[in-house]
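Report on the following structure.
The values are calculated or read from the model by the stated rules, or taken from the named source; none is laboratory data. No experiment lies behind these values; they were computed from the predicted model shown. Using ideal geometry, Cβ is built from the backbone for each residue, glycine included, and neighbour counts are taken over all protein chains shown.
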C-alpha cells in the first residue's frame, strides 16, 4: 500500500513555465509498466512523452488540452489499484507559483559545502572491553572515598572521575559538554517560477449564425504568444536590401554537396560569422535590459506540412559551409520524421526564414520571442537576377543604422560569391620572405632560382640584393 | 647572385612590424579602458625577439619576462591568442588569467618575477639534456634583472653541469625608470665570462648582424650542449609600462630615428604602407572578433572541494626499522624504477649521502640522476621546477627546513602558480623535502619549524611525516601527485622505529586516505579530550597518552594528520562533538599557525560549543642551550599543565 511516484510537469525549456497535456493514453487506474508512455505533453516547440518511471497503477490528476505549471503534480503511481482509483483530491488547476529546488547558488556558500559533522558516539553501539580496566588518579580517589569495588567497572577500558560520579549519581552527572550542532536547514533561495502564461481571451464577438468557431490548436496559441511578445509592442521595423545574384550559383554550387542552387547554407554561414560582430542582433529585450547571447545559434524556419518550426543550427559560427549544409539536411530530415529533440528547437539566438521557394517578392518577417532580429529571404527575381533580404528587428534593442550596417556587410559577403577573375599570380611567392608576386611593388618581378634545398623557386629583388 | 647569408628580408620586417602593431594596439585598447591591468611594450626591441625566438626550432623552448609579447609572437606566431589573452577572453592563450606577463603556449613560458625564470629555464633545459632531444632553450632577461642573485647561482650551475641554455640579456639601458649607470657596476659580459660561459653581443640597429650572431649562438649551444650568454643592446621607444617615462625626449627621439623599422619606412615607403595597412586590417579584425567573446567562467577557474576524511581504518603495525632506512629504501626503488625521478640537493652524493643520509647510495645506483648542488637553494628549487615542467619528478632536498626561506620565491611565485596562471595547461609536480624541527641543539637558524608559512601557500600540498607508519605510504602518493608537494621530515624522527609503543587500552589505527590520518583512541570509551598533533610533536604526545589519562582525568584521543595543508577538519569536528575539548600541539610558534587554522575551521563546521587550546613554541628564536630549548618548544610538562588548567 503505497504511493510509488508522483509525476510532475517537467521543465523542458526555460521559456515554458506551463505545458499542455495533450493525451492521456492509459485508462485511469490501469496497471502500467515501467517505460510505458503515460502522458503526452506539448511544449511551445514539440511534444514530449512521459514514461512511467516504475510499475504501478496510474491515477491522473490532469485533463487533456489544459495547461499545467512546471512541477505541478499531474499523475500518481500507486502500488494498489484501489488507491489509484480513489477520487483525486480537489486542487486548484490554475497555474500557481511553484517552488522548485534551487539549482544555482550553492557554489561558494561555506555553509552549503560543509558536510555534516559525524559524531562517532551517536552511531556507536555500546562496546565491551575484554582487557584490563585503567583508572585515572581522580577515579581511584573517588572509588576509594565511596568504598566501591573496582570490579563495578569491569568491561570498561578507561574510567575517569566523571565515570565514577555518573555511577554514583546517574542523573546529575555531566554528560558531553557539547550539544550536537543543530541540523543545517538549507532554506536555500527557492526558485519561484512566475507560472502564469499569457492567456488568450476572446475579445471579438461571434454570431453562430454567421461564422463557425474553430478552436485554436494549442500550437497556434503558442505561436501567437511567441510572436506577440515582441510584435505587440509595435516597436519593430524592417529593412530591405537587394542582393545581386548574377553568376552566383555556379560558384556557390562548387562548395555545396546536395543543396544546389540554394542560398540558405551560405546565408547561415555568413550570418553566423557576422553575428559575433553584431551582438545586438544576437540578443533580446528583457524588459529593462538587453540580454546578449554568449553563443551564436541561428535557427531556420521550416513549414512543410508539419507545422511552422524553427530548427537550431548549433554553433554555426564555427562550422564550415559543408557542415552547415549537412546540419540543415539532418534537421530537415528529423523535422519530417518527427524525431526532433527539445534541444534542436530551443536556445535559438537569431532566426532566418527562407520563403524563396514561395515566389514572394519581399515580406516582413516577425521576430520570435527572446530574439531581437529575423532575416527573411524572398524569391530570386529571374529577370533582374536579384533577391530581397528583409531584416526585422526589435527597436528596443537596436536601431536602423546598426541593422543597415549589418545588411550592407551581409550583401557584400553574399555577393562576393559571384566569381571574378584574378588569382593568377597567387601561387608565385619568394621562397625566402614569402612575399607574393601580387604584393611585389618592385616592378621588376621575381627571379626564378634553385633554392638551397635544390627545388625550383622564386626569389624577390629585396631578398636577392639584401638590405 | 643569391646571398644565403642575407638574414633580413621582407618576411622578418613584416614580423617585426606585426609585433609593433600588436603592441601599439594594446596601448590603444588600454587607453580606451578595454584592457585590464598593464602592458610592458618592446617597441624598438622587436629584432631581438626575431633574432632568437624567431630562429629557434619548434622543439626548442623560451622563457621570458614581463616584456614578452615580442618573444611570444616571434616564437609561437599566435597573435590571436595573445590579443585575446590581454583582452581577458576565454580564448586567450591562458584564458585571460595570466594576461601580459604570464603566457604559456607550446614550450613558451613567461613570468613576471625578475630573475626567477632563469633557474626554471635551466631546469627545463636540463630535462631536455636528460631526454637527449637535442632541443635548446632561450631565456630572456633585461639589464635590470642583473641585480637578482639567483641569476648568478644559475650561471654557475649551467656552466658546471653543461646545460644547453642561452641567456639573452636585452640591455635597453634602463631598469624601469633608473638609468643603468646608477645601479650597474662593472661589465655585463664579464659577469657571464667569469663563469666560463661563451658570450657575444649585438644590437637591434644592425639587425642583419644580430640575426647572424644569434643563429651562431643558438648553434653553439645546440652543438656543444653548453650554455651561452648574449647581450643585445637595444632601446625601448615607449615607457617602461605606459605613462612612466622620465627619459630625455631628445635621447628617445635619437633612437627613434635609427630604429630599423623607421629606416625601412623611409627607404621603402610603399612596402611599409602595404604591410602596415594589411596588418591594421588583420589586427583590427581580430580585435573586433575577440571583443565579442566572453570571459572564462569563475567555476572553470576555481571550484571548492570540501575535505572528506576517509572512515575506513586499518590497525597500525610496528616495523622494526628506522624511519630513515625506510625513506632510503623507497628512494632506492624510485631512482631505479621511475624514469622521471631526479634527485637534487646539497651534499647528497654518496658516500656522504646527504646530511641526514636519506639519499644514501642513490648516486651509486644511477649517477646521472643525482645532482649534488652548490649552496644555491633558490637556483636548485628553480631548476627542480623546470624539470617538473618538463615531465620529470624531481625530489629536491633542502638541507635544513630553515633554509626554505631561500627557496620561497620559487615555491610561491613559480611552482604554486604555474598550473593556474597558465590556465591549467601545465603541471609542476616538484617535490621539496626538508628536515624541520629542534631538540638537537642546532640553535636559532637550524631548528625552527616554519610549517605555518608553507601551509599558507595555495595549491601546494604540505605533507608531514610521522613515526606511526611506513613513510613509503606517503611517498607513494607523493610520487603520483601532479602538483607541487613540500615534505616536512623531522630530524629527531629519522632515527626512530615505526609504531613501537602502543598502550593496551588504546586503539592505534590509520585510515586509507592517500595521506593517511592516524588516530589513537580509547579502546571503547568515547573520548573526553581531542588532541591534534603532527610530525615530531605527534610522537611526543602519543608517548604520554596514558599519563594524560591518569593525571588529568581525561580520556584522550590523538589525531595525527599527515597532509597538513588540508587538515582533516571533519574528523576532528566529529571527535570534538563527542569530547567537547580540543587541544592542538605544534612545534612552530602559535600566532597564525596550524592550530589557529584548525580551531577556526572546526568552529565553522560545528558552530562552537567546545573549549580549545593551543600549545606551541614561544615566539623567539630556538636557543641552543638544552634547558632553554626545551622550555621554548612544547614539552610534556607544558602539555600536561595546559590540559589540567584549561580543561578541568
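Suppose the filter is under 30 Å from the mean Cα position of the chain (by Cα), without any contact (Cβ under 8 Å) to a residue 40 or more places away in the chain and closer than 16 Å to residue A:272 by Cα; does residue A:327 pass it? Steps first, please.
On the way: under 30 Å from the mean Cα position of the chain (by Cα): yes; without any contact (Cβ under 8 Å) to a residue 40 or more places away in the chain: yes; closer than 16 Å to residue A:272 by Cα: yes.
Spelling it out, residue A:327 is indeed under 30 Å from the mean Cα position of the chain (by Cα), without any contact (Cβ under 8 Å) to a residue 40 or more places away in the chain and closer than 16 Å to residue A:272 by Cα.
With (1) surrounded by 24 or more Cβ atoms within 10 Å (Cβ to Cβ); (2) modelled with pLDDT of 95 or more; (3) within 30 Å of residue A:436 (Cβ to Cβ) as the list, and residue B:8 as the residue in question, which single condition is left unmet?
Tallying (1) surrounded by 24 or more Cβ atoms within 10 Å (Cβ to Cβ); (2) modelled with pLDDT of 95 or more; (3) within 30 Å of residue A:436 (Cβ to Cβ), residue B:8 fails exactly one: (2).
So which of A:269, A:278, A:284 ends up being modelled with pLDDT of 85 or more and within 15 Å of residue A:368 (Cβ to Cβ)?
On the way: A:269 fails: within 15 Å of residue A:368 (Cβ to Cβ); A:278 fails: within 15 Å of residue A:368 (Cβ to Cβ).
It is A:284.
Taking the conditions exactly as written (touching a strand residue (DSSP E or B) at 6+ places or on another chain (Cβ under 9 Å) and either buried (at least 19 other Cβ atoms within 10 Å of the Cβ) or at pLDDT 95 or above (or both)), does residue B:261 satisfy them or not? Walk me through how you get there before you give the answer.
Working: touching a strand residue (DSSP E or B) at 6+ places or on another chain (Cβ under 9 Å): no; either buried (at least 19 other Cβ atoms within 10 Å of the Cβ) or at pLDDT 95 or above (or both): yes.
So residue B:261 fails the test.
For every residue, the table says whether it meets (1) more than 25 Å from residue B:608 (Cβ to Cβ); (2) crowded, with 20+ Cβ neighbours inside 10 Å; (3) away from chain A (no Cβ under 14 Å).
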| position | (1), (2), (3) |
| --- | --- |
| B:491 | yes, yes, yes |
| B:495 | yes, no, yes |
| B:515 | yes, yes, yes |
| B:521 | no, yes, no |
| B:528 | no, yes, no |
| B:569 | no, yes, no |
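Search segment B:497-512 for residues being crowded, with 17+ Cβ neighbours inside 10 Å and more than 14 Å from every other protein chain (Cβ to nearest Cβ), and hand back the single one that is farthest from the chain's Cα centre (by Cα).
B:499
Out of the residues in segment A:430-449 that are under 20 Å from residue B:7 (Cα atoms), within 11 Å of chain B (Cβ to nearest Cβ) and in contact with a helix residue (DSSP H, G or I) (Cβ under 7 Å, 6 or more places away or on another chain), state the one that is modelled with the lowest pLDDT.
Within segment A:430-449, the match that is modelled with the lowest pLDDT is A:442.
Condition check ((1) more than 27 Å from the chain's Cα centre (by Cα); (2) in a loop (DSSP other than H, G, I, E, B)) across all residues:
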{"site": "B:34", "(1), (2)": "yes, yes"}
{"site": "B:38", "(1), (2)": "no, yes"}
{"site": "B:84", "(1), (2)": "no, no"}
{"site": "B:97", "(1), (2)": "no, yes"}
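Go over the candidates A:389, A:350 one by one and state the one that is touching a strand residue (DSSP E or B) at 6+ places or on another chain (Cβ under 7 Å), under 15 Å from residue A:278 (Cβ atoms) and within 14 Å of chain B (Cβ to nearest Cβ).
Numbers: A:389 fails: within 14 Å of chain B (Cβ to nearest Cβ).
Unique residue meeting the criteria: A:350.
Mind counting the residues in segment B:276-290 that are at the interface with another protein chain (Cβ under 9 Å from one of its Cβ atoms) and touching a helix residue (DSSP H, G or I) at 6+ places or on another chain (Cβ under 9 Å)?
Final tally of qualifying residues: 2.
Tell me, yes or no, whether segment A:450-461 has at least one residue that is free of Cβ contacts under 8 Å to residues at least 12 places away in the same chain and in contact with a strand residue (DSSP E or B) (Cβ under 7 Å, 6 or more places away or on another chain).
Yes, segment A:450-461 has at least one match.
Among the residues of segment A:342-360, how many are assigned to a loop (DSSP other than H, G, I, E, B) and touching a residue at least 40 places away in the same chain (Cβ under 8 Å)?
Looking only at segment A:342-360, we keep the residues that are assigned to a loop (DSSP other than H, G, I, E, B), and these are A:346-349, A:355, A:359-360.
Filter once more, so that each one left must be touching a residue at least 40 places away in the same chain (Cβ under 8 Å): A:346-349.
Qualifying residue count for the region: 4.
Conditions tested, residue by residue: (1) under 25 Å from the mean Cα position of the chain (by Cα); (2) at pLDDT below 95; (3) surrounded by fewer than 16 Cβ atoms within 10 Å (Cβ to Cβ).
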{"site": "B:151", "(1), (2), (3)": "yes, no, no"}
{"site": "B:165", "(1), (2), (3)": "yes, no, no"}
{"site": "B:170", "(1), (2), (3)": "yes, no, no"}
{"site": "B:174", "(1), (2), (3)": "no, yes, no"}
{"site": "B:187", "(1), (2), (3)": "no, no, yes"}
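Residue by residue through segment A:254-290, note down the ones that are surrounded by 14 or more Cβ atoms within 10 Å (Cβ to Cβ) and farther than 20 Å from residue A:331 by Cβ.
Taking segment A:254-290 and keeping what is surrounded by 14 or more Cβ atoms within 10 Å (Cβ to Cβ), we get A:255-256, A:259, A:262-285, A:290.
Once the filter is applied, which keeps residues that are surrounded by 14 or more Cβ atoms within 10 Å (Cβ to Cβ) and farther than 20 Å from residue A:331 by Cβ, segment A:254-290 yields A:274, A:276, A:277, A:278, A:279, A:280, A:281, A:283, A:284, A:285, A:290.
Tally up the residues in segment B:192-210 that are surrounded by fewer than 20 Cβ atoms within 10 Å (Cβ to Cβ), away from chain A (no Cβ under 14 Å) and in contact with a helix residue (DSSP H, G or I) (Cβ under 8 Å, 6 or more places away or on another chain), please. Step through it out loud before you land on a result.
Initially, segment B:192-210 is screened for residues surrounded by fewer than 20 Cβ atoms within 10 Å (Cβ to Cβ), giving B:193-196, B:198-201, B:203, B:205-206, B:208-209.
If we keep only those that are away from chain A (no Cβ under 14 Å) as well, we get B:193-196, B:198-201, B:203.
Filter once more, so that each one left must be in contact with a helix residue (DSSP H, G or I) (Cβ under 8 Å, 6 or more places away or on another chain): B:195-196, B:198-201, B:203.
Qualifying residue count for the region: 7.
Let me spell it out: the conditions are (1) at pLDDT 95 or above; (2) assigned to a helix (DSSP H, G or I); (3) at the interface with chain A (Cβ under 9 Å from one of its Cβ atoms), and residue B:578 meets all of them except one. Which number is the exception?
(1)
Can you tell me which residue among B:356, B:371, B:343, B:331 is modelled with pLDDT of 95 or more and within 15 Å of residue B:435 (Cβ to Cβ)? Spell out the reasoning first.
On the way: B:356 fails: modelled with pLDDT of 95 or more; B:371 fails: within 15 Å of residue B:435 (Cβ to Cβ); B:343 fails: within 15 Å of residue B:435 (Cβ to Cβ).
After ruling out the rest, the residue left standing is B:331.
Going residue by residue through segment B:538-559, is there one that turns out to be within 10 Å of chain A (Cβ to nearest Cβ) and within 33 Å of the chain's Cα centre (by Cα)?
No, every residue in segment B:538-559 fails to be within 10 Å of chain A (Cβ to nearest Cβ) and within 33 Å of the chain's Cα centre (by Cα).
So how many residues does segment B:248-271 have that are without any contact (Cβ under 8 Å) to a residue 40 or more places away in the chain and either within 14 Å of another protein chain (Cβ to nearest Cβ) or in a helix (DSSP H, G or I) (or both)?
Filtering segment B:248-271 for residues without any contact (Cβ under 8 Å) to a residue 40 or more places away in the chain gives B:248-254, B:257, B:262-263, B:265-270.
From the residues that got through so far, the ones that are either within 14 Å of another protein chain (Cβ to nearest Cβ) or in a helix (DSSP H, G or I) (or both) too are B:249-254, B:257, B:262-263, B:265-270.
Residues that pass the stated criteria total 15.
Would you check which residues across segment A:450-467 are out of contact with any helix residue (DSSP H, G or I) (no Cβ under 8 Å at 6 or more places or on another chain) and either more than 7 Å from chain B (Cβ to nearest Cβ) or surrounded by 16 or more Cβ atoms within 10 Å (Cβ to Cβ) (or both) and list them? Lay out the reasoning, then the answer.
Here is the first cut: in segment A:450-467, the residues out of contact with any helix residue (DSSP H, G or I) (no Cβ under 8 Å at 6 or more places or on another chain) are A:450-457, A:459, A:461, A:464-465.
Once the filter is applied, which keeps residues that are out of contact with any helix residue (DSSP H, G or I) (no Cβ under 8 Å at 6 or more places or on another chain) and either more than 7 Å from chain B (Cβ to nearest Cβ) or surrounded by 16 or more Cβ atoms within 10 Å (Cβ to Cβ) (or both), segment A:450-467 yields A:450, A:451, A:453, A:454, A:455, A:456, A:457, A:459, A:461, A:464, A:465.
All but one of (1) touching a residue at least 40 places away in the same chain (Cβ under 8 Å); (2) buried (at least 24 other Cβ atoms within 10 Å of the Cβ) hold for residue B:407; state the number of the condition that does not hold.
(1)
Does residue A:396 count as at pLDDT below 90 and in contact with a strand residue (DSSP E or B) (Cβ under 6 Å, 6 or more places away or on another chain)?
On the way: at pLDDT below 90: no; in contact with a strand residue (DSSP E or B) (Cβ under 6 Å, 6 or more places away or on another chain): yes.
Here the answer is no, as residue A:396 does not meet what is asked.
Applying the selection to segment A:22-40, what residues are modelled with pLDDT under 85 and outside any loop (DSSP other than H, G, I, E, B)?
Once the filter is applied, which keeps residues that are modelled with pLDDT under 85 and outside any loop (DSSP other than H, G, I, E, B), segment A:22-40 yields A:22, A:23.
Going through B:421, B:396 one at a time, which residue ends up being within 30 Å of residue B:617 (Cα to Cα), touching a residue at least 12 places away in the same chain (Cβ under 8 Å) and surrounded by 22 or more Cβ atoms within 10 Å (Cβ to Cβ)? Reasoning before the result, please.
Working: B:421 fails: within 30 Å of residue B:617 (Cα to Cα).
Result: B:396 is the single residue among B:421, B:396 that is within 30 Å of residue B:617 (Cα to Cα), touching a residue at least 12 places away in the same chain (Cβ under 8 Å) and surrounded by 22 or more Cβ atoms within 10 Å (Cβ to Cβ).
Could you figure out which of (1) over 26 Å from residue A:139 (Cβ atoms); (2) without any contact (Cβ under 8 Å) to a residue 24 or more places away in the chain isn't true of residue B:586?
(2)
Please work out which residue is nearest to residue A:404 (Cα to Cα), limiting yourself to segment A:274-291 and to residues that are part of a loop (DSSP other than H, G, I, E, B) and within 11 Å of chain B (Cβ to nearest Cβ). Working first, answer last.
As a first pass, look at segment A:274-291 and keep what is part of a loop (DSSP other than H, G, I, E, B): A:276-278, A:282, A:286-289.
Right, trim to within 11 Å of chain B (Cβ to nearest Cβ) and you get A:276-278, A:282.
Values: A:276: 16, A:277: 14, A:278: 11, A:282: 15 Å.
Going through the qualifying residues, I end up with A:278.
Which condition number does residue B:47 fail, the rest of (1) within 26 Å of the chain's Cα centre (by Cα); (2) in contact (Cβ under 8 Å) with a residue 40 or more places away in the chain; (3) buried (at least 24 other Cβ atoms within 10 Å of the Cβ) being met?
Going through (1) within 26 Å of the chain's Cα centre (by Cα); (2) in contact (Cβ under 8 Å) with a residue 40 or more places away in the chain; (3) buried (at least 24 other Cβ atoms within 10 Å of the Cβ) one by one, residue B:47 breaks only (1).
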